[in-house]
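Taking it in order: structure first as structure tokens, then the write-up.
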Amino acid sequence: MSASRLSVEEIRNQHNVLAEFGYEPGHVDRGYTNRTLHINLSDGSIRTKPVTDQMKEIFVGGRGFGLWHLWHAVTPETRWNDPENEIIFSAGPIGGITQYPGAGKMLVVSLSPTTGIVIDSNVGGYFGPLLKFAGWDALEVQGKAEKDVIIVIDGNQSRVTVEEAPAEEVDAHLISEQLTDMYADSPDSKRDISVVSAGKGAEHGLIGCLNVSFYDVHRKAPRIKQAGRGGIGTVFRDKKIKAIVVKYSGVRGDTNHPADLERIKRAGVRLHREIHDNDHLQCHMRTVGTAHLVEVMNDYDLLPVHNYRFGSHPDTGKIASPVWKKKFTQGIPDGCWYGCTMACAHAIDKFKLRTGPYKGDRVIVDGPEYETVAGVGSNCGIFNPADVAELNFYCDTYGIDTISWGTSMAFVMECYETGILNKEITGGIEAAFGNAGASLEFLHQLARGEGFGVTVGQGIRRMKAQFAREYGADPGFLFDIGMECKGLEYSQYMTKESLAQQGGFGLTNKGPQHDEAWLIFMDMVNNQIPTFEDKAEALHYFPLFRTWFGLNGLCKLPWNDIEPANNAETDEPAKVPEHVQNYVDLFSGVTGRKIAKEDLITMSEGVYNFQRVFNLRMGKGRREHDDIPYRSAGPVTVQEYESRHDRYDKQMRDKIGVDPEGKSTEEKVAITRKYRNEQYDKLRDSVYRRRGWTKDGIPTLETLKNLKVDFPEVVEVVKAHL
């Protein structure tokens, strides 16, 4: 009998408890429980570790705690699939408050299968807050199980178990439902359960994501949000984890036991009012979520099309936000944590699948968000919303990152178009731009562990090496068009005309992800940061400000996707000063620590520099590792240049000082390339200088000392590389 036909009770009866741990009930005080739960799947040990005052002062929580724990778990020789690699979950001190929108986030940290260095991924759903309220500031999972297991953290019974779990499904939409039903005390208590899972695709590819559930009381079903980047879902399944379940009932407005609840409430009231009054005039987050960016990016020539060759397409309207507004169920409070009036977590209900193992089923499709629409959609030349929704669903339930899948498929499609790949290599599939059937079939192959789909699932960096080695492709051309940096696939923004955004992707610690710096509009559209020094200052402030959200359990969307009506009149509208003050109030209101707005940056700066040294320890973290594929800087091919020849010719005259008249397109491509590469190098120098790093991109000892992260083992790593 297949697992899908078993009842919840029949599935439960096949569980075998492998390890059990009872603990003192948790108590949250000023946002912290002051302890970490450590589970080693190799030896079955479960133990408590203290959260020290030093950890709270320097690393704060969330991403910071993940980095600190992982640093002490691994060695420079550790690889992603070694038992000592960990997956760390932590919400941070503000995570779990219910008075301010976007406070249900957590950070997941591990060594990445695609980059070999630390990856951190910000995710919603209920797991982070419920984990804290169950008694834990962080969860560390280390080792490998011999057979598939689930981990259950029952905050009501103060009990942790590791259970052999042979009968559950693996795919996220099924196992989330099964385990929610299994561990809920009653139909009315399903909101007390959150499940972390991956999917079959994560077992066979390196770009696996984690799915984190929250129970939607209106739809009466669990829904899932993704910790998408860098292959953490692959690490999860490599450890033989089917799922992690956390259970806690009794969430209240003061469960975080903050130092000053009234201060938090006042900040929340301000933002709730702004969302109510301004959202329908600004970004329409409550009706379409981040999908509103599709038409905006297209209008400004920033929407990736055909592997980032172009920035707009005449068919974009077919997948723009008005289309999704009609498909999303409206009138439901779509927040992924209590109290989030931004309510941007939209979904398509009763979507009928047309392909794959669940063909004919009607399912909930969570999203699509902008990154998914642009990634599996426009970047691959796919402009059918039904295809985008189907790809969205299967990526999620298989545990595959939609950003990496879309960017990887766009690379494959260009390689097919240029003759590097053919039907013999792809198994008879025409992997051309616009062929949604090819993307879906490769995705299903990946879930089955067969065919060319497994190749796509390894990510772009490994595909580049394979295509050069096995098919004779030019490595230089592959580097130019393979949109990855440090091994992480690019998220979905065209950066050719924004030098600052090129730095926002290339000069990150983990790789090109928009959650660190999104500077396109400041740089390209509004020309607010014209000089190298201006750009460097922005690439200092904004990555650190966004890092702060990941230390504290916050979503970035309430920061600048909704703004006060008078924000444009302030001295620094890009920073949204009123909201910066809100975050000061939230942090002080929860923790009792008195801080100023400048302290938000200082907190993040210590963690950010520590992560840079961590990269150095793992064999990266130097200037050469911040190189970017040329396509993110300029036109690689004649076709790209000629698609915008008026723009590029004018730039050649005005910026480069060369007359394009009489020159071939090939010559103009080469001249443009030399200039743009020089510009990126100058930017790199300016950013390193502003960050207190050497010209090789290494934090100086003075910088580390000033930020209080000059621990002896950190200094030792840096000294070995200076």
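Since every read-out is calculated from the coordinates, none of them should be taken as a lab result. These numbers come from a predicted model, not from an experiment. Cβ atoms come from the backbone with ideal geometry, glycine included; neighbour counts cover every protein chain shown.
What residues from the range 40-56 fall in the zone where the backbone N is under 20 Å from a label point 7 Å along the Cα-to-C-beta line of ASP599? What the label zone holds, given the 20 Å backbone N cut-off, is 52-56. Ordering 77-86, 400-409, 221-230 by mean Cβ neighbour count within 10 Å, with the highest value first, yields 400-409, 221-230, 77-86. With the simple spin-label model, which puts each label point 7 Å out from Cα in the Cβ direction, the THR329 to ARG47 separation comes to 4.6 nm.
Which of the following values of log10 I(q)/I(0) by the Debye sum over Cα atoms at q = 0.05, 0.10 Å⁻¹ was calculated from the structure shown: [x] -0.47, -1.00; [y] -0.22, -0.94; [z] -0.41, -0.96? Given [x] -0.47, -1.00; [y] -0.22, -0.94; [z] -0.41, -0.96, the structure-derived one carries the label [y]. In vacuum, with every alpha carbon of the range 369-439 counted as one equal point scatterer, what does the Debye formula give for log10 I(q)/I(0) at q = 0.18, 0.21 Å⁻¹? Two decimals, please. Scattering profile of the range 369-439, log10 relative to I(0): -0.62, -0.81. When only Cα pairs below 8 angstrom with a gap of at least 6 residues are kept, the range 3-247 shows a relative contact order of 23 percent. Shown in residue order for the range 213-222 are the 3J(HN,Hα) couplings computed by the Karplus curve 6.51 cos²θ - 1.76 cosθ + 1.60 at θ = phi - 60°: 8, 9, 8, 8, 5, 7, 8, 6, 7, x Hz (x for Gly and Pro). For the range 3-247, the tally of Lys pairs with Cα-Cα distances below 15 Å comes to 16, considering only residues 8 or more apart or on different chains.
Using only the alpha carbons of the range 283-489, what is the convex hull's orientation-averaged projected area in square nanometres?
Value for the range 283-489: 11.8 nm².
With a cut-off of 12 Å between beta carbons, the residues surrounding GLN282 carry a summed charge of -4, where Lys and Arg count +1 and Asp and Glu -1. Positive contributions from Lys and Arg (+1) and negative ones from Asp and Glu (-1), summed over other residues with Cβ under 12 Å from the Cβ of SER408, come out at -1.
Relative contact order for the range 307-435: 21 percent, from Cα pairs under 8 Å spaced at least 6 residues apart, divided by residue count. Would you please state which residues of the range 594-621 a label at ARG266 would reach in this model, taking the label point 7 Å out along Cα→Cβ and a backbone N cut-off of under 18 Å? Those under the cut-off are 594-597.
Among the trypsin sites (Lys or Arg not before Pro) found in the range 663-722, those both in a DSSP coil and sparsely packed, with 11 or fewer other Cβ atoms within 10 Å of their Cβ, are LYS695.
Calculated mean residue ellipticity, 222 nm, the chain: -11500 deg cm²/dmol, from DSSP H runs (n ≥ 4) at -39500 (n - 2.57) each, averaged per residue and rounded to 500. Applied to the range 642-657, the Karplus parametrisation 6.51 cos²θ - 1.76 cosθ + 1.60 on θ = phi - 60° returns per-residue 3J(HN,Hα) values of 5, 5, 9, 5, 4, 5, 5, 5, 5, 4, 5, 6, 7, 9, 8, x Hz, with x for Gly and Pro.
Measuring nothing but how far apart in sequence close Cα pairs (under 8 Å, 6+ apart) lie, relative to its length, the chain scores a relative contact order of 14 percent. Summarising the amide proton neighbourhood of ALA347: residues at separation of 5 or more, or on other chains, whose placed amide H is nearer than 5 Å comprise THR329, GLY367. Stokes-Einstein diffusion of the range 113-255 at 10 °C, 1.306 mPa s viscosity, Kirkwood radius from Cα pairs, rounded to a whole number: 104 µm²/s. Residue-normalised convex hull volume from the C-alpha trace of the range 3-247: 118 Å³ per residue. All alpha carbon pair distances within the range 1-71 were sorted into 5 Å bins beginning at 0; the resulting P(r) in whole percents reads 3, 11, 18, 15, 14, 12, 9, 9, 6, 2, 0. Taking a Cβ cut-off of under 13 Å around ALA565, the surrounding Lys, Arg, Asp and Glu residues balance to a net charge of -4, with basic ones at +1 and acidic ones at -1.
Distance between the pseudo-spin-label points of ARG362 and ASP681 (7 Å out from Cα toward the beta carbon): 6.1 nm.
Sorted by mean Cβ packing within 10 Å, highest first, what order do the peptides 44-57, 237-250 take?
Ranked by mean Cβ neighbours within 10 Å, highest first: 237-250, 44-57.
When peptides 299-310, 115-126 are ranked by their average number of other Cβ atoms within 10 Å per residue, the highest-first order is 115-126, 299-310. Restricting attention to the chain, close to 85% of DSSP beta bridges with both partner residues there are antiparallel.
Tell me the GluC sites (Glu not before Pro) within the range 609-669 that lie in a loop according to DSSP and have at most 13 other beta-carbon atoms within 10 Å. Walk me through the numbers before you get to the answer.
On the way: sites: GLU624, GLU640, GLU642, GLU661, GLU666, GLU667; in loops: GLU661.
Sparse-neighbourhood loop GluC sites (Glu not before Pro): GLU661.
Binning the C-alpha pair distances of the range 177-224 at 5 Å intervals from 0 yields a P(r) profile of 5, 22, 27, 18, 12, 10, 5, 1 %, listed from the shortest bin outward.
Each residue of the range 383-397 is assigned a 3J(HN,Hα), and the resulting list reads 10, 9, x, 5, 5, 4, 5, 5, 5, 4, 4, 6, 4, 4, 6 Hz, derived from the Karplus form 6.51 cos²θ - 1.76 cosθ + 1.60 (θ = phi - 60°), x at Gly and Pro.
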